[in-house]
Amino acid sequence: MGNRRPLIAGNWKMYKTGSEAVETARQLVKLVEDVTNAEVMIAPPFTAISYVSDIVRNSRVSLGAQNLFWENEGAYTGEISSAMLVSAGCKYVIIGHSERRQYFGETDETVNKKIKAAIASKLIPILCVGESEKEREGKNTFSVLDKQVTNGLEGFLVNELETLVIAYEPIWAIGTGKTATSDQVQEVHLFLRSLAEKKNGNMLAKSIRILYGGSVKPDNVTELMGLPDVDGALVGGASLDAETFSKIVHY
Ligand code: PEP
């Protein structure tokens, strides 16, 4: 896996009030004190980010956001900018999660603008891509992923993508308890790395971290992390409980 540092990222989605988030973050910071094999990140809802930032400061846990808007500031009711996330202590931002594409009209074009904004603010973008069950059954997995990655990353210079993280999240595996098989995951991750190589050259392809997401649990994480092109996990449901997430982090 070269020198790509594994990343285990927790997406808390629309769960936890400020005080609940603080409690879970406090537990997690203690539970992962000893972890050196991977970087740990949690992405709480916006209302909890500043509170959690105080808890995770100087710990093994990094902070991320679940979304951003591409403008710096302005009359954009309900939106949050990359500068706001940076000032709240975020290092990462998840972009183009399938739930945002499905329920909030995100497209490859908006994803591209968001990645640009993230990179301009030195946030590390986690670009989420993945096919639906129908697309997989129709043997369109690779063309769907090619389009999401190509359009999502259009117009960047190679050095701008040095920190980029891609999360492969087959939609049919998110929150369903169904995990992709090791063969399916490795096949797609290798495809994504070759795609990065084709478009941006060998150096980027080697440094880019590709996470798997979709019903990752303590009992399947070890096998997934053993795959040559898996550099980490994006965890939804199983990241909400500090002990369960800590077991995943200690894969
Ligand atoms: C996710 O939302 O990114 C995710 C992978 O969810 P879950 O782990 O619950 O399937």
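The values are calculated or read from the model by the stated rules, or taken from the named source; none is laboratory data. Everything numeric in this text was worked out from a predicted model, so none of it was measured. Here Cβ is always computed from backbone atoms with ideal geometry, including for glycine, and neighbour counts include all displayed protein chains. Keep in mind that these areas ignore ligands, DNA and RNA; they rest on the heavy atoms of the full protein, side chains included. Shrake-Rupley method; radii C 1.70, N 1.55, O 1.52, S 1.80 Å.
Results, tabulated for the structure shown:
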| item | result |
| --- | --- |
| Residue selected from segment 80-99 under the condition assigned to a loop (DSSP other than H, G, I, E, B) and either modelled with pLDDT under 95 or not charged (D, E, K, R) (or both), by the criterion nearest to the ligand (Cβ to nearest atom) | HIS97 |
| Close pairs from segment 111-129: first farther than 12 Å from VAL93 by Cα, partner assigned to a strand (DSSP E or B), Cβ under 7 Å, at least 6 apart | VAL129/ILE166; VAL129/TYR168 |
| Selection within segment 56-78 - β-branched (Val, Ile, Thr) and either over 25 Å from VAL249 (Cβ atoms) or touching a residue at least 60 places away in the same chain (Cβ under 8 Å) (or both) | THR77 |
| Every residue from segment 1-44 that is open to solvent by 20 Å² or more (accessible area, probe 1.4 Å), modelled with pLDDT of 95 or more and in contact with a Phe, Trp or Tyr (Cβ under 9 Å, 6 or more places away or on another chain) | SER19, VAL22, LEU31 |
| Helices (runs of 4 or more DSSP H) contained in segment 167-251 and holding at least 1 residues under 24 Å from ASP34 (Cβ atoms) and touching a residue at least 24 places away in the same chain (Cβ under 8 Å) | 221-225, 242-249 |
| Filtered residues of segment 195-217 (kept if open to solvent by 60 Å² or more (accessible area, probe 1.4 Å) and of a type outside the set (A, V, I, L, M)) | GLU197, LYS198, LYS199, ASN202, LYS206, LYS217 |
| Candidate set from segment 218-238 (those that are of a type outside the set (A, V, I, L, M, F, W, C) and buried (at least 16 other Cβ atoms within 10 Å of the Cβ)); member that is farthest from the ligand (Cβ to nearest atom) | ASP229 |
